[in-house]
Structure formats: structure tokens, C-alpha cells
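Q: Got a structure for you, written out below as C-alpha cells; questions coming shortly.
The values are calculated or read from the model by the stated rules, or taken from the named source; none is laboratory data. Bear in mind the structure is a predicted one, so any value in this text is a computation, not a measurement. FYI the Cβ positions are ideal-geometry reconstructions off the backbone, even for glycines, and counts take in every protein chain you see.
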């Protein structure tokens, strides 16, 4: 080392900084040397608080708490504190430099060398750490009062071993102690999740035995050379810690001493009282093991550590001391203001998040300066005490800056962000196609702390923890009862996903600080539901700041891309009807254009945000790639990507743009809008040939029914040709699935997921906007949901095969409409509908009681339910107003519900239904004797021909109406919904949820669909209605038999259905001429 640093080169008055180690969310860490009189010097570690956080409430106290705790500790196995001070407005802590390495990197070095750490060495290092912890647990303050200190963050990264073999515990930054000035708020868990004790994940009081458990996990991992918790799902990790049995280390490694295994298992006992009484007893037990196992020559702790990491450790100070540090430099500020709109943003952003304007200083212009810690241009070193953010946090991932140090975006210290599901609007997490598993012991930068918390007003978080319970079909009744009872005890709603699969969402309708803990306890309770019951936790966080509501673009912004004459024509329903392949009478012009402009605003806003964050942003709609400057087509009115690019250019953005179009159809409209523009590249993988695209478009066509392997390779080939760009727009086409109505590519959901993983990996760390494009398959939504999972770092997650988002949404709303279920405290929510009749009727104080549908639903209640389901707002968008519900009794066939609305100066009947209870096959169903959905403002046309039985076109709400009826049946305790289709097309539309009541009738229906498949639905319906269909040569009259949809599905006899289907052969006679 070089002595004699001049006073002008020192910071904090007495320290010469050698290099910066890391930059964390609250502070910076430096390797330095302390300089004194008469040539005195020694290496030290300096921690300083980021100046940006000085004004944040509680930041200084949180930073200095570590010093308050460490000041009362004096033990050979605990890191030593030298001093705490302030310098030019910045607080700092000086502490002992440990000439060694942390256990994580030591284990990693042993793995690379192919020489596992001897079990005796592992035990010796953990023994020393146990002695240091025991001293901390029983430390006292200056008045002799116990500090009740608990480290709460024991992990391989916080245990360091010197080259001389001495082990030390470091980093008491999140320790619990009576002298801390700051306090952990209720609902906050501190520590690395992988090393938490069961009582920690349950958010129960912690003690020294909690640190003992974490120390036991470290020893378990050192001996087995594998992670104790082998999942990267934080919620699942919490479940395993709290509920799963501890595996014996001898299952994974040979030659482990039974005595050492017994010690480890006792340290890892689920019950704190069953562990060692204190860590000194752990040390004595490990010493007993060490006394029994002789030390092999050259296998002492010092010899092993020196052999594995000695050269690296010694090179730190040697390399750092090779030159004299200069005067403290200045560095760019942590935030800057946009010169265009004035928005304040991080200085690391290249573009303004509000307007997209470039924040790069003009050529030759001086960059603003701010006096701060010196920026030293040496590469970082690993001292085992750095403050590197955890991998699964929702903060932006750490990145290495130009100075080589590890940088993490500054974070409000009150926002201890949980992130089991990283926000899809945050920067991209690491993506790997080969390795989805958790990090192995010793992997780089696991971070000092995972801070998992529940809802906190300061953090403005929305947390949702889902407990999923799955049982065997034979246990259905028992499982339903167990889930119902557990839901009542833990004050959570239970949603049925299938007959033997339930979901209990903790955090709805409002999050609570103890949601995660409640979910764990509920999972424990459900352990008695049966031996075949499986329980799993999924936990997610969406930051309010990361959910953006777009602003519609103006017509001036649209005019940057589209012709004025074309924009003017959009007010004509005929123009929109051509684009959307419908009749002009069905086009709500204003509502449709409002939606289109809103989607364009979403794409533009996503582009600005992506540029500011240099990561992926998802717009949940968009990708209108068939819209040209002078016309629209293919369900695309305007080109949202071109509009976004034009607006960015107008705002000063001069970067390069790439468009990666993976829709099943080529980007003809986008090419017409953007091709030939400078710094613009367009690439496409599609399954259709629409002729030549403009020059410069990199187009790849795949054959019809392309397999996954070929398709994904074509995408990778295109990625290899795609130039690096400042922003990339990706249309993750949902119409590439096999069986899509309009797309012919033909891949599977798994193939689409692999495609997205490859793209996310290629674009990692770069601005990108992801759009869904089109999709005309029942599972198209799963494709884009998978895209979002990939961007959230959860590409391995599967979507339940039978999950139906519409059904799940309606079930949840139906549950909330039931007072005794929606509010377990027994009070009626203030939004629950009631009428004067509801109050007066039972007491006979008012007029005659208003009719109730099936003795339960009033007109007011039905109208409110339709409002909650969103059906009334849909009808209003079609041009109807002053909607109302009218209820009456037919006097014999059931109760009638009519929905009426005004349009064109008169009131129209929009929905008409007659419902009753009916016993079918020994079960009681909600039976629809009559159901008509009417859109009288629309008219029939060639594109929407009139079907038998129709007086006016329909509303297009058959699926939603089915879900409402199912919710009513469930509320009334009925088996399901039934109806009798009077026309062939009604049975075809309902076949997804309904089946005929007998196997024979179902078999004939399936045979009829098979033999009429060459006809359109309109042609087939007319053929059946006109008597032109024959069964085995004889005229076949339509059989209007009962169709059933049970809440608990009961399959028909598949063999009987198949037998009847194969027996029947239908033919069609041509229509009569003339």
C-alpha cells in the first residue's frame, strides 16, 4: 500500500478511498485505508448513506441503527466497528476490513475447483459463527439491560472467514434490538427468505433460536452443496419453510457423520423450543463432533480458505494500493429535469418518462454537477459485506455502471418492496432458456435482505396471496366442506376453479398486513382435509406506480400518420363496419373511436415509459398493424405503433426503432406507415402471403401448421438479424395458435412461451413495448398471459387448463353480491342494494310486496347485479340509455325478467327471459323457459344474416348471460342451469358449457355437427329448420331436448355417446330451386 495521502485527497477527514465496492438502495460501500500520524494506516470498510435519502423520513435512523447495534458488540467472531460520523452532510460508518471471503463465495470457489469443502471445515466455521451470535444474543447496553438482539439476516453472505481461519458474523443492518431508533412495522418480514425460520415467515416473534435456524440452513447447504429451498417462487418457499419436513442431509451426500446430521436437524426443528437453548450449545455440540473427527493434513480452515481464495483476497489490497487516489471527483446528480416538459426523473434515464424527450446533454453542453462521494474507476471487489439488491425484488435490477460498481436505483427506505411477482412494467429480470431453477449456494449477488411485507400505505402496494387447494375427485364433497369452513375461519372468499380445485385469494377486496401469514395458517388448517389434498401458494405484487392508465391520443397526433380524408371518414359507420366486418347498424361510432384512441394512447405511453426505464412495458391492447395511412382493415382502425413512433419523433426522440411483428399475418399497414424511414427496422414471422411488402422489411413466412421447433428457430434467426435499437415494439400475436379462426401458423401455447423467452432474453436491458395483436382462438388470452409471465420472470409458471377468466370474474362478483359471504363480520356492505319494499314488506307496512324472481331476486337487485357484472355498461355502449329491469310472474311457466332501454326516442326490449326451478334427472336446475337477447338498433345484412327464430339481431352476450345464470343457480343452491334449444344454432353456441341430458341425444347432436361441418352455421341452421337434413335417409326433425350445465360437472357415458355418434349418418338435400 502507498502511504502518505495528502489531506486534500482524504474523505471523512482521515480515510483514503481505494475503490468503490457497491452501490445499494440506501448507501455506498468503499474499500479504504485509514491514515494517521507517524505512518499509521490500516484497511477499513466505509459505508455511507446516499445523499438523496437524507431528506427521507427515517433514512438516517435506519442507516445508523447498524452502528448502534454493533457498538455494543465486542467478540472475535463479530465484525468490529471503528467509528460513526458525518462528513459534508453525509453519514458514514467505518468498520473492520476482513481479509477473507464470505461462505457463499467460498463454497462457489470450492465448486469451481472441484474440491468440496470438508464437513469438518464447515462445522468449524459454523461453530465460530455460533459463538459470535451467542455473544450478540446476550449482549447488554451500558446500563446492563439486555439488548434482546436478533440478527435476522444470517446467510452465507453475512458470514466471513479470514485467511487465518477465523470466522466472523457481519451486517447487523436489519437486526432486532431494543436500542434501535427505527422500528419494524407490523407485517414486515426482514431477512433472506431462503434462510428464514418458520416463525419468521409466519410473522411471529423472533428470538435467538431464529438465527440458529438460519445458521442451520447454512450448515445444511454447506454439507449438501445444494440449496435448502429449491424453488424461486417466494410464496412456495414460505409454504415449504412453514409446512414441509426438513430433509435429512444424508439423503444428498455420502459420508456425513450421524452426529453432525443430528446437530443440523436439531438446529432446523420447526418448533423453536426443540432447538438448542442458545447458540453456545450449538458451538459445544459442534465442538464434540470436531473432537471425534481428526483433522486431515492440510485440511484446516486456514489452509482450505487460503488454497481456494487466498490469491484473490491478497490481490485486493495489493491492486487497490497500486496508485494514489485523486481528489474527490464530482458525479452527475441522481435526478434531472426534462428540458421539454419539466418532469423530474433519474439521471440514469436516457429519455423522459413523461414525454419521451431525450435527456442526453446537448453536444458540448456542460452536464450539471453535484458534489458527492468520489467516483473511482477501479473494478469492484467482493468483500462479503456489500449492499447488493436481492434478485426477487420489485426494484429495478442492479447493474454495473461505468465505474464497475454494482448500482441499484435509489429506493425510498420506507418502501420495503416485496416482489414474488416482479411487476411487468419494471425492468426485465434475467431470462434464461436453459435454466429456470433457483440459484445454487454461492451464486453471485444474492443481496443482503429480502424484505417481504404486506399492504402498507406508504409503499402504495397492492398485494395478493392466492392459496390454491387441489384434491381428488372422490374427495370433492369433503374438500368443499373443508374449504368452506377454512374460508369462514380466516375471513376469505373461496372460489371454485373446478370440482376439486379451489382458490382462496388473501388480499381481496382489500389487502391486510397479515395476508401472507393468514394464507399460511389457512394452508395448515387445510392439512386435515384429506391425505390427497395438495396446497400451494402464489403471491403477487403490483405497485400502484407501475400501473398506468393511458391518455387517449388526439386527432392531431393521429394526423401525423393518417390522411385527413381517412380520419374524417371514420365518423361514417360504413367505414368502421368495413374494417370490423359487421353491419353499419351495429357500430357505436363514438364509443369505438374512444376505445381506439385510448389504445393508441396506451402504446404511446408504454413507449415513453420503456425508454425511461430501459426495460419492457406491456400494453394490454394494441398492435393494429393492418392500418395504413389512408385506410384501415383487418380490425385495425389506426396504426398505434406508427402513431407512437411519430409522436416520439415530434418530441425530439432521434433513436432507432425496431418493430418485431409475430402476428400470423404480415405487417402490411405498419410497413406502409414506417418503411423507408431512417433508423427504422421492421421484421416479421407470419404464416400468410399477402404479396410483396415495401423494401427493407425482413419478412419470414412459415408453412401452414408449422411445428413449434421450426417456428421458434425462425424467430431466433430473425432476432439474430435484428439490429440493436433504442426501442423495440413487439406484436406477440395471439393468432398463431393451432385452430385459430384466421391464423394458419398452428403452434402450441408451449411453443409461443418458448418464443417469448427467446425474445425477452435478446432484448434484456433494452426498451421494449409488448402488444397482444390479434387472437381468434378460445385460448388466445393464455398466449399473451404467458408473455406477461415471461416478462415477470415467471416463464415456468403454467396456466390452469380449465381456468376461464370470464367465469372466474363473474364468480367473484357473484360472491361479493352475497352479504353473508362478502362480509364475514355479518354487517351488510354499504353498496348492497335494497329497496323500500325490502324494508316494509316483511312488516306489512307498505304496499303489496314487489314480485321476486324465484322468491329471491327483486328488480333492483337484478339491475344492480347486471351493473356489477359490467353488462349494463356494455349495452350503453351500443347506444341505449335509461336502462331498467322489470320483474313479473307468468302465473305458470316461471318468473319473467325484462331489461329495457331507450334509443331513438322510444323504449326497446333488450332482454326477455322466463326462469323457473325444474327437476331434471333427480336434480333441481335453474331452467330458462325463454331467453331472448335483442339489439333492435342493429339490422340484418349479408354479413349478419337473420337466423331462424330471430326478430332482430342479438346483443352478443350469450356467454356472459350463461355466467350470470350460473351465479344465480349457485346462490339459490341449485345443481346448475338448463334450457331447451329450439333451433340448431342455439345448441351449437351453447355446446362449450352445456350438453344434452342423455348420452344418446348428445351422440346424435355430435354426429349432426360432424356431418354439417362443411356448411356455415347459417346454412346448417337453415337446412335443419327447412327439413332438408336426413338421418339414415329419413327426414330428421330437430329435437329440442334439454341441455344441462352443472355447477359440479358430471360426465356423460362416453362410450354410449360415441356409439350413438358412430351409428348416425346425416345428409343434406340442396335447397329447392326458385
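Q: Does the stretch 681-689 include one or more residues that are closer than 27 Å to residue 564 by Cα and free of Cβ contacts under 8 Å to residues at least 60 places away in the same chain?
A: Step one: of the stretch 681-689, the residues closer than 27 Å to residue 564 by Cα are 681-682.
Checking which are free of Cβ contacts under 8 Å to residues at least 60 places away in the same chain leaves us with 681-682.
The answer is yes; a qualifying residue exists.
Q: Answer with yes or no whether residue 986 is in the same structural domain as residue 953 (by TED's automatic domain parsing), in a helix (DSSP H, G or I), modelled with pLDDT of 90 or more and touching a strand residue (DSSP E or B) at 6+ places or on another chain (Cβ under 9 Å).
A: Values: in the same structural domain as residue 953 (by TED's automatic domain parsing): no; in a helix (DSSP H, G or I): yes; modelled with pLDDT of 90 or more: yes; touching a strand residue (DSSP E or B) at 6+ places or on another chain (Cβ under 9 Å): yes.
No, not satisfied.
Q: Which residues, taken from the stretch 556-594, are closer than 25 Å to residue 945 by Cβ and part of a loop (DSSP other than H, G, I, E, B)?
A: Once the filter is applied, which keeps residues that are closer than 25 Å to residue 945 by Cβ and part of a loop (DSSP other than H, G, I, E, B), the stretch 556-594 yields 572, 581, 582, 583, 587, 588.
Q: Given the conditions (1) assigned by TED's automatic domain parsing to the domain that holds residue 862; (2) closer than 29 Å to residue 1029 by Cβ; (3) in contact (Cβ under 8 Å) with a residue 12 or more places away in the chain, and given that residue 942 satisfies all but one, which numbered condition is not satisfied?
A: (3)
Q: Considering only residues of the stretch 741-752 that are over 13 Å from residue 662 (Cβ atoms) and in contact with a helix residue (DSSP H, G or I) (Cβ under 8 Å, 6 or more places away or on another chain), which is surrounded by the most Cβ atoms within 10 Å (Cβ to Cβ)?
A: That would be 749.
Q: To continue, here is another question. Give the residue, chosen from 280, 250, that is farther than 15 Å from residue 200 by Cβ, part of a helix (DSSP H, G or I), without any contact (Cβ under 8 Å) to a residue 12 or more places away in the chain and touching a helix residue (DSSP H, G or I) at 6+ places or on another chain (Cβ under 7 Å).
A: On the way: 280 fails: without any contact (Cβ under 8 Å) to a residue 12 or more places away in the chain.
The unique qualifying residue is 250.
Yes or no, residue by residue, for (1) outside the structural domain of residue 772 (by TED's automatic domain parsing); (2) assigned to a helix (DSSP H, G or I); (3) crowded, with 21+ Cβ neighbours inside 10 Å:
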| site | (1), (2), (3) |
| --- | --- |
| 642 | no, yes, yes |
| 647 | no, yes, yes |
| 658 | no, no, yes |
| 676 | no, no, no |
| 688 | no, no, no |
| 693 | no, no, no |
| 720 | no, yes, no |
| 733 | no, no, yes |
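Q: In this structure, is residue 955 surrounded by 21 or more Cβ atoms within 10 Å (Cβ to Cβ), in contact with a helix residue (DSSP H, G or I) (Cβ under 9 Å, 6 or more places away or on another chain), in contact (Cβ under 8 Å) with a residue 12 or more places away in the chain and assigned to a loop (DSSP other than H, G, I, E, B)? So that I can check it myself, show each step before the final result.
A: Values: surrounded by 21 or more Cβ atoms within 10 Å (Cβ to Cβ): yes; in contact with a helix residue (DSSP H, G or I) (Cβ under 9 Å, 6 or more places away or on another chain): yes; in contact (Cβ under 8 Å) with a residue 12 or more places away in the chain: yes; assigned to a loop (DSSP other than H, G, I, E, B): yes.
Spelling it out, residue 955 is indeed surrounded by 21 or more Cβ atoms within 10 Å (Cβ to Cβ), in contact with a helix residue (DSSP H, G or I) (Cβ under 9 Å, 6 or more places away or on another chain), in contact (Cβ under 8 Å) with a residue 12 or more places away in the chain and assigned to a loop (DSSP other than H, G, I, E, B).
Q: Across the stretch 754-776, what is the total count of residues that are outside any loop (DSSP other than H, G, I, E, B) and more than 12 Å from residue 790 (Cα to Cα)?
A: Our first condition is that a residue be outside any loop (DSSP other than H, G, I, E, B); within the stretch 754-776, this holds for 754-762, 767-771.
From the residues that got through so far, the ones that are more than 12 Å from residue 790 (Cα to Cα) too are 762, 767-769, 771.
Qualifying residue count for the region: 5.
Q: Among the residues of the stretch 577-593, count how many are at pLDDT 85 or above and more than 16 Å from residue 942 (Cα to Cα).
A: Residues meeting the conditions: 2.
Q: Here's a follow-up. Being in contact with a helix residue (DSSP H, G or I) (Cβ under 7 Å, 6 or more places away or on another chain), modelled with pLDDT of 95 or more, within 30 Å of residue 967 (Cβ to Cβ) and assigned to a strand (DSSP E or B), is that true of even one residue in the stretch 1049-1069?
A: There is no residue in the stretch 1049-1069 that is in contact with a helix residue (DSSP H, G or I) (Cβ under 7 Å, 6 or more places away or on another chain), modelled with pLDDT of 95 or more, within 30 Å of residue 967 (Cβ to Cβ) and assigned to a strand (DSSP E or B).
Q: Now a separate question. In this structure, does residue 666 turn out to be within 31 Å of the chain's Cα centre (by Cα) and not in a strand (DSSP E or B)? Spell out the reasoning first.
A: Values: within 31 Å of the chain's Cα centre (by Cα): yes; not in a strand (DSSP E or B): yes.
Spelling it out, residue 666 is indeed within 31 Å of the chain's Cα centre (by Cα) and not in a strand (DSSP E or B).
Q: Is it the case that residue 168 is under 28 Å from residue 97 (Cα atoms) and at pLDDT below 90?
A: Working: under 28 Å from residue 97 (Cα atoms): yes; at pLDDT below 90: no.
Spelling it out, it is not the case that residue 168 is under 28 Å from residue 97 (Cα atoms) and at pLDDT below 90.
Q: Here are some conditions: (1) in contact with a helix residue (DSSP H, G or I) (Cβ under 9 Å, 6 or more places away or on another chain); (2) modelled with pLDDT of 90 or more. Residue 960 meets all but one. Which one does it not meet?
A: (2)
Q: Shifting gears a bit: If a residue must be in contact with a helix residue (DSSP H, G or I) (Cβ under 7 Å, 6 or more places away or on another chain) and more than 19 Å from residue 639 (Cβ to Cβ), how many such residues does the stretch 753-780 contain? Full working, then the answer.
A: The first filter runs over the stretch 753-780 and keeps only residues in contact with a helix residue (DSSP H, G or I) (Cβ under 7 Å, 6 or more places away or on another chain), leaving 753-760, 762, 767-772, 775, 779.
Going one step further and asking which of them are more than 19 Å from residue 639 (Cβ to Cβ), we end up with 753-760, 762, 767, 779.
Residues that pass the stated criteria total 11.
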